[in-house]
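**Student:** Let me give you the structure first, and then I'll get to my questions.
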Amino acid sequence: MQKSAMTHARRPTILVVDDTPENISVLGELLQPFYSVRVATNGQRALVTAASEPCPDLILLDVMMPEMDGYTVLTKLRENPKTADIPVIFVTALDATDEETKGLELGAADYISKPLRPSVVLARVSVQVELKQARDRLRNQNAWLEAEVARRMAENQQIQDVSIRALANIAETRDNETGCHILRTQGYVNVLCQELAKAEYADELNAASIELITKAAPLHDIGKVGIPDNILLKPGKLTSDEWAIMKTHPQLGAEAIHRAIQDKPNQSVFEFLRVVMSIAHYHHEKWDGSGYPDGLVGVAIPIPARVMALADVFDALINRRCYKEAMSYDEATRIIVEGSGKHFDPNVVNAFIRCKHQFIEVAENFKDVPD
């Protein structure tokens with residue numbers, strides 16, 4: 001065992017704590033051929049030394065010391081996160097079972113009785129040092145594994161986010177709207193959800209659900225990929241028949257997502273797709289029941305869709321389309337407020353009024369670039 005300690009890449013460090021110089025000298029001579037030895041002659045000094053670099057791999061701690069005995073030192077070592085995991089062997093002349101039990105209950109790894117027997121000291125020190133090294137290796141391995149898992153999860157999340165954006169862009173490139181519409185509406189949705197989570201829908205919205213809704217928002221019009229170009233790209237007003245076909249895009253989007261759910265994805269993907277389906281299907285519903293495709297009324301409309309409805313309309317109002325000019329922020333706000341209780345959930349409108357300045361910031365940050 002001593003040989004493995006000697007050949008270790010970094011000699012383990014032993015802290016010897018004893019108020020008697022003779023005891024320190026004996027232990028130092030015994031340990032120095034195999035270990036790096038540090039010493040402390042009282043409890044307070046031991047606490048400082050144990051927390052300084054290089055941190056010891058093992059502490060040999062005398063029990064009977066003035067001012068601060070070994071039990072108190074051990075208790076304080078365990079209270080400090082930097083020293084809590086350092087194994088401690090009590091070195092004592094006490095042979096009472098009760099004293100040994102007390103030390104072990106406080107967290108001591110072992111006991112060595114005085115007078116010291118060199119072979120016993122070296123054997124017990126070697127065992128504790130090797131156990132400490134094994135724990136450190138396991139901790140480092142676990143830390144590496146956790147970091148690797150986090151890295152791969154981040155990569156997978158990035159792939160998912162890029163895929164979502166790509167799908168959303170496919171839908172938008174077939175429409176007269178731009179990729180910035182995706183970014184703006186996603187920003188509005190996040191702002192609204194954050195605001196609603198503070199008051200109106202504090203019980204329904206939390207950090208996790210807000211993240212899902214925000215990530216799902218770009219796919220709100222994914223169903224437009226199923227609308228014929230002659231209708232989707234028509235520059236003028238749609239006929240009643242054409243409008244009837246256009247109004248099928250929420251259902252088309254929901255059906256596409258529903259088919260993806262049938263592939264039985266893992267729980268996190270399932271939850272995401274469920275939110276996407278909810279937004280895609282219901283973001284054209286209106287609070288008073290006059291929307292489409294199902295004519296839902298009030299709270300029957302899922303919250304993500306209610307939020308998306310306001311975000312989508314606001315962006316349509318403030319941006320130019322082939323059939324209309326852009327409105328001012330104030331004019332768009334007036335229309336949104338007038339739609340409270342009719343087109344929009346009044347709670348969502350109230351939240352919008354409180355965070356209108358953030359909507360404007362998002363709109364300004366992601367303005368369309370003129371052709």
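**Student:** For region 211-340, what's the relative contact order in percent, using C-alpha pairs closer than 8 Å and at least 6 residues apart? Mind dumping the intermediate values first?
**Tutor:** Details: 163 pairs, mean separation 28.3, N = 130.
Rounded, it is 22 percent for region 211-340.
**Student:** Which Rg and Dmax, in Å, describe the Cα atoms of region 291-371?
**Tutor:** Answer for region 291-371, Rg first and Dmax second: 13.4, 41 Å.
**Student:** A further question follows. Counting residues in region 174-365 as N, plug N into 2.2 N^0.38 Å and put the Cα Rg over that result.
**Tutor:** Details: Rg = 16.0 Å, N = 192, 2.2 N^0.38 = 16.2 Å.
That ratio works out to 0.99.
**Student:** For a quick protection proxy, order the peptides 357-369, 66-78 by their average other-Cβ count within 10 Å, most packed first.
**Tutor:** On the way: 357-369: 14.6, 66-78: 16.8.
Packing order, densest peptide first, comes out as 66-78, 357-369.
**Student:** Right, something else. Could you tell me, in Å, what Rg and Dmax come out for the Cα atoms of region 202-251?
**Tutor:** Expressed in Å, the Cα Rg and Dmax of region 202-251 come to 15.8, 44.
**Student:** Which of the chymotrypsin sites (Phe, Trp or Tyr not before Pro) across region 322-354 are loop residues per DSSP, with 13 or fewer other Cβ within 10 Å? Please list the in-between numbers first.
**Tutor:** Working: sites: 323, 329, 344, 352; in loops: 323.
For chymotrypsin sites (Phe, Trp or Tyr not before Pro) across region 322-354 that sit outside H, G, I, E and B with at most 13 neighbouring Cβ atoms in 10 Å, the list reads 323.
**Student:** What's the local net charge at residue 332, with K and R +1, D and E -1, over the other residues with C-beta under 14 Å away? The partial results should precede the final answer.
**Tutor:** Working: positive: 184, 320, 321, 324, 334, 356; negative: 312, 315, 325, 330, 331, 338, 364.
The answer is -1.
**Student:** Another question, then. Roughly what % of DSSP beta bridges within the chain run antiparallel, to the nearest 5?
**Tutor:** Numbers: 1 of 19 bridges.
Here the share of antiparallel DSSP bridges comes out near 5 percent.
**Student:** What does the charge count near residue 273 come to, summing +1 for each Lys or Arg and -1 for each Asp or Glu among other residues with Cβ under 13 Å from its Cβ?
**Tutor:** That sum, taken over residues with Cβ under 13 Å, equals +1.
**Student:** Mind pulling the per residue volume of the convex hull built on the Cα atoms of region 2-144? Å³ is fine.
**Tutor:** Details: hull volume 15.2 nm³, N = 143.
Here the figure is 106 Å³ per residue.
**Student:** Sequence gap at least 6, Cα distance under 8 Å: using those rules, report the relative contact order of region 2-144 to the nearest whole percent.
**Tutor:** Values: 209 pairs, mean separation 30.8, N = 143.
Dividing the mean separation by the residue count of region 2-144 yields 22 percent.
**Student:** Looking only at 190, 350, 140, which one moves most when the chain is put into a Gaussian network model with springs between Cα atoms under 10 Å?
**Tutor:** 140
**Student:** Please tell me the relative contact order of the chain in percent, rounded to the nearest whole number, where contacts are Cα pairs under 8 Å and at least six residues apart.
**Tutor:** Value for the chain: 11 percent.
**Student:** Next question, about the same structure. How do 107-118, 299-310 rank on mean C-beta neighbours within 10 Å, highest first?
**Tutor:** On the way: 107-118: 14.7, 299-310: 23.0.
Ranking, from highest mean packing down: 299-310, 107-118.
**Student:** Counting only Cα atoms, I'd like the Rg/Rh figure for the chain, Kirkwood definition for Rh. Intermediate values should be presented prior to the final figure.
**Tutor:** Working: Rg = 34.5 Å, Rh = 26.1 Å.
Result: Rg/Rh = 1.32.
None of the figures in this text is laboratory data; all of them are computed from the coordinates on show. Predicted model only: the values in this text are computed from it and were never measured. We place every Cβ from the backbone using ideal geometry, glycine too, and count neighbours over all the protein chains shown.
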